[in-house]
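**Q** Okay, here's the structure, questions in a sec.
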Amino acid sequence: MRRTSKRLMIGAIAAASMVALAGCTDSGAPAPEPTVNEEATFEPGTTMAKLADAGSITIGTKFDQPLFGLVGPDGKPVGFDVEIGKMIAGALGISPDNIKWEETVSANREPFIENGQVDIVVATYTINDTRKEVVDFAGPYYTAGQDLLVLAGNPDGIKGPEDLADKKVCTVTGSTSERNISEYPNAGIIAAATYSACLEPLRSGEAAAVTTDNVILAGLADQNPGEFEVVGNPFTSEPYGIGLKKGDDQFREFINDVLQKSFDDGSWKAAWEATAGKVLATPEPPKIDRY
């Protein structure tokens, strides 16, 4: 079993901050390879010690979210959420090759955490009080805002959710977006399993808009050039957090420390610019909620 001093814990966090892939510089230089703290040690009995001793971690993420979590040609997910997951794994002394990525959609994030199918979830996962009744969150590590995706040229002139009174809108079952849009008058909600599954109803005219967080919509538009556009009028604030088993305060605090270090030393920014930053401007990191 392993026992951690404060000095060793700080060392683990410092190493983790190096794991996020840096974006290409202005000169186009490639990002450095991830660095893993193989000497990380932790208090016996903690989740950190169990994962470090096992040498592996299972992380739930989305497989169809451009810029955040999208399966690449090699079958492995890539994106900002994936890089955040690598940071946490690296702080535990776990290399990217020893991360098991579990596809996690909006509707199954809490069940996967509760039943132990995943150790953490990093999947454009909005922190809210309802979810905090069954799982805990570290972070936030990014704050998005819900918006609308429409056909290129915006033929219906949609400026916000108030313009959907006689129109159908598509979103994902069990998502915060579904709950938020249901508070506005509309002609009906088309509930899909994934946001990418909402694109065909939008193309066909069955839906006038797709709604979710602006960063997700930007990724979908970027992946389908010339077809869609984001309205650009966010109507919510969506703090993205890392989901973990409820009551595991030590693990939550550890993850928060990893995130804070990455904010401070620039590795969070580098991870952003290598992924979502290819399309979106680089924001300031949010303030972590250490509840």
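**Q** With the condition being within 17 Å of the chain's Cα centre (by Cα), I'd like the strands (runs of 3 or more DSSP E) fully within segment 187-266 carrying at least 2 qualifying residues.
**A** Once the strands (runs of 3 or more DSSP E) in segment 187-266 are filtered for at least 2 residues that are within 17 Å of the chain's Cα centre (by Cα), what remains is 209-213, 238-245.
**Q** (1) more than 19 Å from residue 60 (Cα to Cα); (2) outside any loop (DSSP other than H, G, I, E, B); (3) polar (S, T, N, Q): which one isn't true of residue 154, the others all being true?
**A** Condition not satisfied by residue 154: (2).
**Q** Among the residues of segment 135-158, are any out of contact with any Asp or Glu (no Cβ under 9 Å at 6 or more places or on another chain) and either β-branched (Val, Ile, Thr) or within 18 Å of residue 188 (Cβ to Cβ) (or both)?
**A** Yes; the residues of segment 135-158 include at least one that is out of contact with any Asp or Glu (no Cβ under 9 Å at 6 or more places or on another chain) and either β-branched (Val, Ile, Thr) or within 18 Å of residue 188 (Cβ to Cβ) (or both).
**Q** While we're here: Exactly one condition in (1) in contact with a helix residue (DSSP H, G or I) (Cβ under 6 Å, 6 or more places away or on another chain); (2) under 25 Å from residue 291 (Cα atoms); (3) in the same structural domain as residue 243 (by TED's automatic domain parsing); (4) buried (at least 19 other Cβ atoms within 10 Å of the Cβ) is false for residue 99; which is it?
**A** With (1) in contact with a helix residue (DSSP H, G or I) (Cβ under 6 Å, 6 or more places away or on another chain); (2) under 25 Å from residue 291 (Cα atoms); (3) in the same structural domain as residue 243 (by TED's automatic domain parsing); (4) buried (at least 19 other Cβ atoms within 10 Å of the Cβ) applied to residue 99, the lone miss is (2).
**Q** Residue check: is residue 116 surrounded by fewer than 14 Cβ atoms within 10 Å (Cβ to Cβ), over 28 Å from residue 200 (Cα atoms) and either among the hydroxyl-bearing types (Ser, Thr, Tyr) or in contact with a strand residue (DSSP E or B) (Cβ under 8 Å, 6 or more places away or on another chain) (or both)?
**A** Considered against the rule, which asks whether it is surrounded by fewer than 14 Cβ atoms within 10 Å (Cβ to Cβ), over 28 Å from residue 200 (Cα atoms) and either among the hydroxyl-bearing types (Ser, Thr, Tyr) or in contact with a strand residue (DSSP E or B) (Cβ under 8 Å, 6 or more places away or on another chain) (or both), residue 116 comes out as yes.
**Q** Kindly provide the set of residues from segment 189-225 that are at pLDDT below 95 and among the small types (Gly, Ala, Ser), ordered by number.
**A** 193, 196, 218, 219, 221
**Q** Within segment 107-125, is there a residue that is assigned to a loop (DSSP other than H, G, I, E, B), within 30 Å of residue 232 (Cβ to Cβ) and of a type outside the set (A, V, I, L, M, F, W, C)?
**A** The answer is yes, given that some residue of segment 107-125 is assigned to a loop (DSSP other than H, G, I, E, B), within 30 Å of residue 232 (Cβ to Cβ) and of a type outside the set (A, V, I, L, M, F, W, C).
**Q** Residue 96 passes all but one of (1) touching a Leu at 6+ places or on another chain (Cβ under 8 Å); (2) at pLDDT 50 or above; which number fails?
**A** (1) is the only condition that residue 96 fails.
Yes/no per residue for (1) under 14 Å from residue 51 (Cα atoms); (2) under 14 Å from the mean Cα position of the chain (by Cα); (3) in contact (Cβ under 8 Å) with a residue 24 or more places away in the chain:
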site: 83; (1), (2), (3): no, yes, yes
site: 91; (1), (2), (3): yes, no, yes
site: 94; (1), (2), (3): yes, no, yes
site: 102; (1), (2), (3): no, yes, yes
site: 110; (1), (2), (3): no, no, yes
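**Q** Farther than 30 Å from residue 186 by Cα, assigned to a helix (DSSP H, G or I) and out of contact with any Lys or Arg (no Cβ under 6 Å at 6 or more places or on another chain): is that true of residue 273 in this structure?
**A** yes
Residues are listed down the side, and each one gets a yes or a no for (1) among the polar types (S, T, N, Q); (2) under 21 Å from residue 194 (Cβ atoms); (3) touching a helix residue (DSSP H, G or I) at 6+ places or on another chain (Cβ under 9 Å):
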position: 108; (1), (2), (3): yes, yes, no
position: 112; (1), (2), (3): no, yes, no
position: 116; (1), (2), (3): no, no, no
position: 120; (1), (2), (3): no, yes, yes
position: 128; (1), (2), (3): yes, yes, yes
position: 138; (1), (2), (3): no, no, yes
position: 150; (1), (2), (3): no, yes, yes
position: 165; (1), (2), (3): no, no, no
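**Q** OK, next. If I ask for residues that are touching a Gly at 6+ places or on another chain (Cβ under 9 Å) and surrounded by 15 or more Cβ atoms within 10 Å (Cβ to Cβ), which ones from segment 151-166 would you list?
**A** 151, 163
Table: residues versus (1) exposed (fewer than 14 other Cβ atoms within 10 Å of the Cβ); (2) farther than 18 Å from residue 86 by Cβ; (3) of a type in the set (Val, Ile, Thr).
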| residue | (1), (2), (3) |
| --- | --- |
| 212 | no, yes, yes |
| 239 | no, yes, no |
| 252 | no, yes, no |
| 261 | no, no, no |
| 272 | no, no, no |
| 276 | no, no, no |
| 281 | yes, yes, no |
| 284 | yes, yes, no |
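**Q** Would you please name the residue that is surrounded by the fewest Cβ atoms within 10 Å (Cβ to Cβ), looking only at residues in segment 167-192 that are of a type in the set (D, E, K, R) and in contact with a strand residue (DSSP E or B) (Cβ under 6 Å, 6 or more places away or on another chain)?
**A** The extreme case among them is 168.
**Q** Does segment 118-134 contain any residue that is assigned by TED's automatic domain parsing to the domain that holds residue 171 and without any contact (Cβ under 8 Å) to a residue 12 or more places away in the chain?
**A** Scanning segment 118-134, I find no residue that is assigned by TED's automatic domain parsing to the domain that holds residue 171 and without any contact (Cβ under 8 Å) to a residue 12 or more places away in the chain, so the answer is no.
**Q** Report whether or not residue 137 is at pLDDT 95 or above, farther than 26 Å from residue 262 by Cα and of a type in the set (Phe, Trp, Tyr).
**A** no
The values are calculated or read from the model by the stated rules, or taken from the named source; none is laboratory data. As the structure is a computational prediction, the values presented were derived from the model and not from experiment. All Cβ positions, even for glycine, are placed from backbone atoms using ideal geometry, and neighbour counts span all protein chains on display.
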